[in-house]
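Down below is the structure, laid out as C-alpha cells.
Read the figures in this text as sums done on the coordinates, not as results from a lab. Because the structure is a prediction, the values reported are computed rather than measured. With ideal geometry, Cβ positions are generated from the backbone for all residues, glycine too; neighbour counts draw on all protein chains shown.
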C-alpha cells in the first residue's frame, strides 16, 4: 500500500480568489490537499512562483522528492491575468485535446503545465477556464455521464456545459452570482436587507422567499425576469416581503431566470441528465431550483478538480498507469 | 399679456438626484425654471425646507407674491425617504385621482402639496413615483395619446406605462439603467472600457456596437439575454469587440432585453403607439432600439414635468382657469 501512496504529480486548482493544491498518487488518489487564499489577484510575496513554492514546501517533510514532481495547474492561472496565458482549446474538447493544449515551462519549483480553457467559437463565442478540468474529473468519476449530459457549475459565472461522447460540445455562461452580488451590495434592492442585518428571520421564511422568487421566474415565461426584478422592491414597500428575506427572493429570481433561459435553449426538447458540480450549499440550491422547474432530479457531484487534474496529467503522459501507452505533453 | 404671465403656482420635480423648480402662470405657461443638484439624498443645509426656500427666494425679486403661492411637488420627495410619505394612488389613475391623493402641509415657505405615486396592486405589485406627473403632462400636451398608448420613460428604472381612456391602467419597471451602471463600474464586463478610457473609438464604432447588442437581444428570443451578457467579455477576449465599445454593446444587450421582454408581455398582439418621455439622448437611443425590434416609430416627447405639475394643480383646484368649476384639494 505504501507504494501506491507515493506522490506522482501535484495538481493545482488556481482561480481568481483561491488556490487549492493536491498531492496526487500515480493512481489518482489524493494523498494530501492544501487550501490558500492566494487567488491570482491575491498573491503572496513572490507572486505565482512564491505561492507555488509555499505549497510544495508544505509537503517537503513528507517526501523530499516533491520538488521534482510535475505540476499541473488549471483555472485563471492560465488566463491573460495569470502566470502565463494559455490559448483556448476549441470545442468539441476531451481530456486528450486539453492535454495537448497544456503550456509547459520551468519555474523555480520544477516544471509547470498550465491547463488550457475551452472556447466555443461562432458569432457569439464563449469561454471557460477551470471548469474543463472539473468536467474531465466528473466524467472519470461517473463514466455514464460521458454519453450525454448537461453539467452545471453554479457560481459567480455559472456554466451550463453540454457533454456528448466524452467531449465538451458546447456551453453557456450565466453571470448569476455576479449579478446577485452587485444587486446585494450596491442596489436599492439590497438596501432593506443590508439595514435589517442577519438573524432576523427564520430559515423557513428565507426558504419560502427563495421558492417564491423561483416561482415568479418560472411563471414569467418568455418575458423573463427583467421586468420583475423590481418586485424585490415593490413587495418590500407593500409589506409583503420581510426586509431580511428580500435577498433570498432576489436569489430565487436570478437563479430561476438562469434555469428558465437554459431550458428555453432546448426549445421544448427534454433536457439531458443534469449534474451539478461545485460548492455543496450552492449545488443544493440549484438542485431545488431545477426541481421547481419540473426537470428530473439533478445529480449533485462534489468538487472534481483533483480527479480532473490527475486525468489531464495522465492524458499528457505525466503520470503512467499500468495499461497506458507512453505519451508526452505536446507543448513544452 | 403681462397679466397672463403672473405667477400662479410653483411646481417642483423633486427626485433622488436633482430638484427642478418651475414658476408657472395660471394658464400653465412656464415663466421661469431652476435646476439644483438637491435630490432628496443630496439636500443643502436646512434640508427640504431650506432647499425650497432657496428656490422660492430666487424668484422673490421678480414677484413679492411668490412666497404665498401654492407649491406642488412630485417625485421621491413624497417617498418614505422624502419630506413626507404620500400613500400611493391605485391603478387605474387619472389626473383627478392623483389630485385627490395630494398630501398638503404648511412649511416655512407656504403650503406644500406632495403628489402621490401610483401603485398597481396584485400578486406582483408595482409602484412608480414622479412618472405619473410626467404622464399627466404628456396627455395634456398630446390629447390623442389618452385613448390608448404605451408611454416609456427610460432611465435608472425604466417604466413602461399603459394608458387607456386617459388613465394609467398598468405598468412595468425595468432596472436597465441601474444594471448598466453596476456592470459598468463594478463588473469584469466594464473593466476593458474602464482601462481603455474615453475617446479611443469613433462614434460610428460605438453606434455599431450598440446596434449589435440590440440585435443579439432580439435574436435571443424566449431565452433572453441572461446567457448572453457574458459575450461582452468573450467578444472582447477574442478581439471581436474593441474595449472602448464594450459598454455600448452591453447597453444594447440590456436595452434590447427590456424591449424584448416588454414586447413579449403583449403575447403577439400589436403594441399600442409608443411615446418616449425623458432625457433627449436616452430617448434617442430607445427610439433606435424600438425601431430595431420592428415596432413602428416611437414618438419622442420631451420632459413633461412642468405640464404635469400644472395639470395636477389645476385638477386640485389650486389654480383656476376660465371654464373650470371651483374645486379644492381633497387632503389637507
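Between 0 and 90 degrees, the angle of helix A:203-219 with respect to the longest Cα principal axis of chain A falls at about 80 degrees. Divided by 2.2 N^0.38 Å, where N counts the residues, the Cα radius of gyration of the protein assembly as shown comes to 1.15.
Each distinct pair of alpha carbons in chain A adds a 1/r term; the inverse of their mean, the Kirkwood radius, is 21.2 Å.
How much of the DSSP bridge set in the protein assembly as shown is antiparallel, in percent, rounded to the nearest 5?
Counting DSSP beta bridges with both partners in the protein assembly as shown, the antiparallel share is about 70 percent.
Calculated translational diffusion coefficient of region A:259-325 (20 °C, 1.002 mPa s; Stokes-Einstein with Kirkwood radius over alpha-carbon pairs) equals 149 µm²/s.
In percent, what relative contact order does region A:175-265 have, based on Cα pairs under 8 Å that are 6 or more apart in sequence? Could you put the intermediate results ahead of the total?
Values: 105 pairs, mean separation 37.6, N = 91.
Contact order relative to length: 41 percent.
Counting every Cα pair in region A:175-265, what percent are over 19 Å apart? When every Cα pair of region A:175-265 is considered, 33 percent fall beyond 19 Å. For residue A:185 and residue A:148, the difference between the fully extended length at 0.36 nm per residue and the C-alpha to C-alpha distance is 9.5 nm. For residue A:317, inter-copy separations between label points set 7 Å beyond Cα along the Cβ vector come to 9.6 nm, shortest first.
Across chain A, the relative contact order, built from alpha-carbon pairs under 8 Å that are at least six residues apart, equals 18 percent. Taking the square roots of five times each eigenvalue of the Cα gyration tensor of region A:1-87, the equivalent ellipsoid has semi-axes of 24, 13, 10 Å, listed largest first. Cβ-Cβ distance of residue B:32 and residue A:80, R₀ of 51 Å, FRET efficiency by 1/(1 + (r/R0)^6): the value works out to about 0.40. The slack in the chain from residue B:280 to residue B:18, taken as 0.36 nm per residue of separation less the alpha-carbon distance, amounts to 92.6 nm.
Please state, rounded to one decimal and in Å, the Kirkwood hydrodynamic radius that region A:67-112 gives when every pair of distinct Cα atoms enters the mean of 1/r. Computed over region A:67-112, the radius equals 11.6 Å. Helix A:131-141 and the longest principal axis of the C-alpha atoms of chain A enclose an angle of approximately 80°. Region A:169-246 and region B:192-246 have Cα centres lying 27 Å from one another. Per residue of chain A, the DSSP helices (runs of n ≥ 4 H) give a summed -39500 (n - 2.57) that works out to -10500 deg cm²/dmol at 222 nm.
Beta bridges assigned by DSSP with both partners in chain B are antiparallel in approximately 70 percent of cases.
Computed over chain B with a Gaussian network model linking Cα atoms closer than 10 Å, the most mobile of B:306, B:245, B:196 is B:196. Sorted from nearest, the other copies put their residue A:27 label points 9.7 nm away, the label point being 7 Å from Cα in the direction of Cβ.
Gain on full extension, evaluated as 0.36 nm per residue between residue B:208 and residue B:267 minus their Cα-Cα distance, stands at 18.3 nm.
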